[in-house]
């Protein structure tokens, strides 16, 4: 047997060569600067609107603190650690389970929420960095008449199989239809390219988004 | 459906639970968080083979919020991700900290990661059918290991309360989960309730409760608190199920008329550290292959055991065989379809499916292999498959309420295929009433038992069971009407929401008849012992049109035509969705997905969704699902599995047609396309 604890790039204290740990990944992509990584078609959360609110936070420490997030138009108090992601705060802290944890590394889009109107992957954003910003989840979109055409269009076209990825597509589509009110089929394909569906419901999703645009899109 | 022989059953309304899914209101197992819940997670070995040599369990136990840590220092791990212990804690963050505090150190032995190096090429058989044959083709086809990649991970939430337990399972078998929970909870099936109303995909990987379900149950029992154990994404790739790879040596002979004479097939499955997942299917059912000498064997790698994956064994086998058939057709100078019609066993395909599919894909524009010119070259290909039926038992219950509403209960799960919708639509159709009056309920172990979502057997068995339950309830409602009219029950006629006497003198609408019920509701029971009423084999053929950029090697699938016998389609939209889904998974398998192992350490280097690519929106072509119906089709036929079988074969044949070199290996990466162009090699 060969003894080996020196894998390049791996930490000797916790060998996980199949995947970077969440904490080292978050540190690696520089989330302490308040930036969420960007997916194709999904916007950056890098605008420095609220970094001041969290500038003194130790991002690697533990211990919980209470923060107030503006979620779906109302303030919500949630206890988080500095390392808690926005996704975790929404799902576990606020029981808003529409946004799903799937890849946990910003590569599938299933946790997408609107942050000041832009679609971001909430698994790559720290909850403390979302303080002072306007967060809208799929639950908020579903309850907002502005998005009725989108919800109806997707429903009418049966745009779900297992349905686990769909909330992410809905949130991204909400942003997409605002920026692209009259999309071509290619626009829709490109616009949804940051989200992944395993059941292969894409054809119906495209139909649903096109139908939503035809109904008048989002307000 | 005994004898529901009314194809008008088909409707185009979205699935009944679509709004819950679109709005995020649907709660999956991953979304359950009962009060006081604790979390459990496996400790895993990261490399191909070896064991842990050092673990600071005491330090991990001291982490705030940690309840328990165990590491098995004796366990010899045989694959990356092999569980070697577990951590239980108040939060996921505490588990993360405990993992770090464990400071695991390992030693590893040399892993087996390269199936080609472990494969012994068979000697080319001579004589026999090969002697005097007009055409002979010989080659070795290879397919990759593919992970199921369900978006909702495997796992359970178990709330053990001493004498009972409530369980949420991300499972494709409600009753398998119930059975599996008996041991670790120490309870009888009568004391356990399993919920799985919403399941985020399964594809064959979610049978049994798994190590994670077992852990959640044991820890909930031990601490008398709800316990959640769900895999993370890397664990999903490493230990959440995979389709075995294959190395398939094929030598086939045909006569000058294109009749297959037979040959030799050495089918090797690449199966990780143990058996499973169906190996490579033999394909004598689709074509009459002649006198085939076939061997089946396995190569073990240091990777997780395979699990059944949507049509286990089939996509890989069809890819190889259909490639060999195209190569033979080219040698004989025959059109690939004409060649297949000479050897196909299915009348349905020969008489109709090939013609319909060829018309819709534009087969007349297909040029002989390798004669397309220019940088971007177009090609066409096809592949055939079938899916059989076998006896499946399923039960159902139906309530008719005094209010006129109906509830149908079938315990089986809905993993995205539309079981909720199927039982609702079948009941509404059988009663001739509006769907909005019917509530279908599934995914609950308190309801009548039925099969797991494997082998495409849920729809074809839940449909007749529902029909029988509804008929039983209707019979009781008829008795109320008969009593009101003071006639024999047998003399009450019913159709499309109206009760009447034989002479039509008396009539009663649905709502008024239901109001006659003496009790709040009547309950009917229904069963099927076979699940094959009016059903039968699902024959299918798929056609692909591709464009290949000969400078970059990039393949773009332009169009897929999928012609499928599906019998009675209950709901047009769920039918189309599932066919398109099977095709898209086939595209993803053909072009992208591939488990990559580090040859030195045996670690999986792409156990995420960054390096493990699955098809995205820009990879989706125009897909044309075609329902092939014959007048004799009276029942529901399988579509889940067959829809994904021939896609990769059709794409590979289309690429071979475009570039004039056979594609011998999946996935069809740009490098492989360029290499094939370079060598013009492959089957000779």
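The values are calculated or read from the model by the stated rules, or taken from the named source; none is laboratory data. If you're wondering where the values come from, they're calculated on a predicted model, not measured in any experiment. Cβ coordinates were reconstructed from backbone atoms using ideal geometry, including for glycine residues, and neighbour counts include every protein chain displayed.
The single residue among B:648, B:590, B:652 that is more than 9 Å from chain A (Cβ to nearest Cβ), under 27 Å from residue B:280 (Cβ atoms) and more than 21 Å from the chain's Cα centre (by Cα) turns out to be B:652.
Looking only at residues in segment B:415-429 that are in contact with a strand residue (DSSP E or B) (Cβ under 9 Å, 6 or more places away or on another chain) and touching a residue at least 60 places away in the same chain (Cβ under 8 Å), the one that is farthest from residue B:21 (Cα to Cα) is B:429. Looking only at segment B:528-548, residues that are modelled with pLDDT of 90 or more, touching a helix residue (DSSP H, G or I) at 6+ places or on another chain (Cβ under 9 Å) and surrounded by fewer than 24 Cβ atoms within 10 Å (Cβ to Cβ) come to 3 in all.
May I ask you to verify whether residue B:155 is touching a helix residue (DSSP H, G or I) at 6+ places or on another chain (Cβ under 8 Å) and closer than 23 Å to residue B:229 by Cα? Yes: the conditions hold for residue B:155.
All conditions but one from (1) within 14 Å of chain A (Cβ to nearest Cβ); (2) closer than 16 Å to residue B:171 by Cα; (3) outside any strand (DSSP E or B) apply to residue B:228; the one that does not is (3). Just one residue in the set B:224, B:144 is surrounded by fewer than 24 Cβ atoms within 10 Å (Cβ to Cβ), in contact (Cβ under 8 Å) with a residue 40 or more places away in the chain and on the phi > 0 side of the Ramachandran plot; that residue is B:224.
One line per residue, one yes/no per condition, for (1) over 19 Å from the mean Cα position of the chain (by Cα); (2) free of Cβ contacts under 8 Å to residues at least 40 places away in the same chain; (3) surrounded by fewer than 24 Cβ atoms within 10 Å (Cβ to Cβ); (4) not in a helix (DSSP H, G or I):
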residue: B:184; (1), (2), (3), (4): yes, yes, yes, no
residue: B:193; (1), (2), (3), (4): yes, no, yes, yes
residue: B:204; (1), (2), (3), (4): no, no, no, yes
residue: B:218; (1), (2), (3), (4): yes, yes, yes, no
residue: B:237; (1), (2), (3), (4): no, no, no, no
residue: B:261; (1), (2), (3), (4): yes, no, yes, yes
residue: B:276; (1), (2), (3), (4): no, yes, yes, yes
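Being farther than 20 Å from residue A:95 by Cα and surrounded by fewer than 24 Cβ atoms within 10 Å (Cβ to Cβ), is that true of even one residue in segment A:158-174? Scanning segment A:158-174, I find no residue that is farther than 20 Å from residue A:95 by Cα and surrounded by fewer than 24 Cβ atoms within 10 Å (Cβ to Cβ), so the answer is no. Regarding residue B:595, is this residue touching a strand residue (DSSP E or B) at 6+ places or on another chain (Cβ under 8 Å), surrounded by 21 or more Cβ atoms within 10 Å (Cβ to Cβ) and not in a loop (DSSP other than H, G, I, E, B)? No, not satisfied.
Could you tell me whether any residue of segment B:659-672 is surrounded by 22 or more Cβ atoms within 10 Å (Cβ to Cβ) and within 14 Å of chain A (Cβ to nearest Cβ)? No, segment B:659-672 has no match at all. Please work out if residue B:427 is farther than 17 Å from residue B:12 by Cα, away from every other protein chain (no Cβ under 14 Å) and modelled with pLDDT of 95 or more. Judged against the criteria, residue B:427 is not a match. The residues in segment B:51-89 that are closer than 25 Å to residue B:300 by Cβ and in contact (Cβ under 8 Å) with a residue 24 or more places away in the chain can be counted, and the count is 14.
Need a quick list: helices (runs of 4 or more DSSP H) entirely within segment B:1-117 having at least 3 residues that are more than 12 Å from every other protein chain (Cβ to nearest Cβ). Reasoning before the result, please.
Numbers: elements: B:18-22, B:57-62, B:92-102.
Passing ranges, in order: B:57-62.
The residue that is surrounded by the most Cβ atoms within 10 Å (Cβ to Cβ), among those in segment A:131-149 that are more than 13 Å from every other protein chain (Cβ to nearest Cβ) and either closer than 20 Å to residue A:177 by Cα or in contact with a strand residue (DSSP E or B) (Cβ under 6 Å, 6 or more places away or on another chain) (or both), is A:135.
Table: residues versus (1) over 30 Å from residue A:83 (Cα atoms); (2) touching a helix residue (DSSP H, G or I) at 6+ places or on another chain (Cβ under 8 Å); (3) within 7 Å of chain B (Cβ to nearest Cβ).
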{"site": "A:151", "(1), (2), (3)": "yes, yes, yes"}
{"site": "A:155", "(1), (2), (3)": "yes, yes, yes"}
{"site": "A:170", "(1), (2), (3)": "no, yes, yes"}
{"site": "A:182", "(1), (2), (3)": "yes, yes, no"}
{"site": "A:203", "(1), (2), (3)": "yes, yes, yes"}
{"site": "A:206", "(1), (2), (3)": "yes, yes, no"}
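For residue B:318, the conditions (1) in a helix (DSSP H, G or I); (2) out of contact with any helix residue (DSSP H, G or I) (no Cβ under 6 Å at 6 or more places or on another chain) all hold with the exception of (2).
Does any residue of segment B:458-476 turn out to be free of Cβ contacts under 8 Å to residues at least 60 places away in the same chain and assigned to a loop (DSSP other than H, G, I, E, B)? No, because not a single residue in segment B:458-476 is free of Cβ contacts under 8 Å to residues at least 60 places away in the same chain and assigned to a loop (DSSP other than H, G, I, E, B).
Yes/no matrix, rows are residues, columns are (1) crowded, with 23+ Cβ neighbours inside 10 Å; (2) in contact with a strand residue (DSSP E or B) (Cβ under 7 Å, 6 or more places away or on another chain):
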| site | (1), (2) |
| --- | --- |
| B:26 | yes, no |
| B:45 | yes, yes |
| B:59 | no, no |
| B:68 | no, yes |
| B:77 | yes, yes |
| B:100 | no, yes |
| B:107 | no, yes |
| B:110 | no, no |
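Filtered by the rule that a residue be in contact with a helix residue (DSSP H, G or I) (Cβ under 9 Å, 6 or more places away or on another chain), under 26 Å from residue B:203 (Cα atoms) and crowded, with 20+ Cβ neighbours inside 10 Å, segment B:449-478 gives B:450, B:451, B:452, B:453, B:456, B:458, B:459, B:462, B:463, B:464, B:465, B:466.
Quick one: residue B:482 ticks every box in (1) assigned to a helix (DSSP H, G or I); (2) in contact (Cβ under 8 Å) with a residue 40 or more places away in the chain except a single one, so which number is it? Result: residue B:482 passes all but (2).
When you scan segment A:57-65, do you find a residue that is at pLDDT below 95 and more than 14 Å from chain B (Cβ to nearest Cβ), even just one? Within segment A:57-65, one or more residues are at pLDDT below 95 and more than 14 Å from chain B (Cβ to nearest Cβ).
A quick yes/no check of all residues on (1) touching a strand residue (DSSP E or B) at 6+ places or on another chain (Cβ under 6 Å); (2) within 30 Å of residue A:154 (Cα to Cα):
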| position | (1), (2) |
| --- | --- |
| B:512 | no, no |
| B:518 | no, no |
| B:540 | yes, yes |
| B:545 | yes, yes |
| B:578 | no, yes |
| B:590 | no, yes |
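Quick one: in segment A:104-127, of everything that is surrounded by fewer than 23 Cβ atoms within 10 Å (Cβ to Cβ) and at the interface with chain B (Cβ under 10 Å from one of its Cβ atoms), which residue is farthest from residue B:21 (Cα to Cα)? Across segment A:104-127, the extreme among qualifying residues is A:105.
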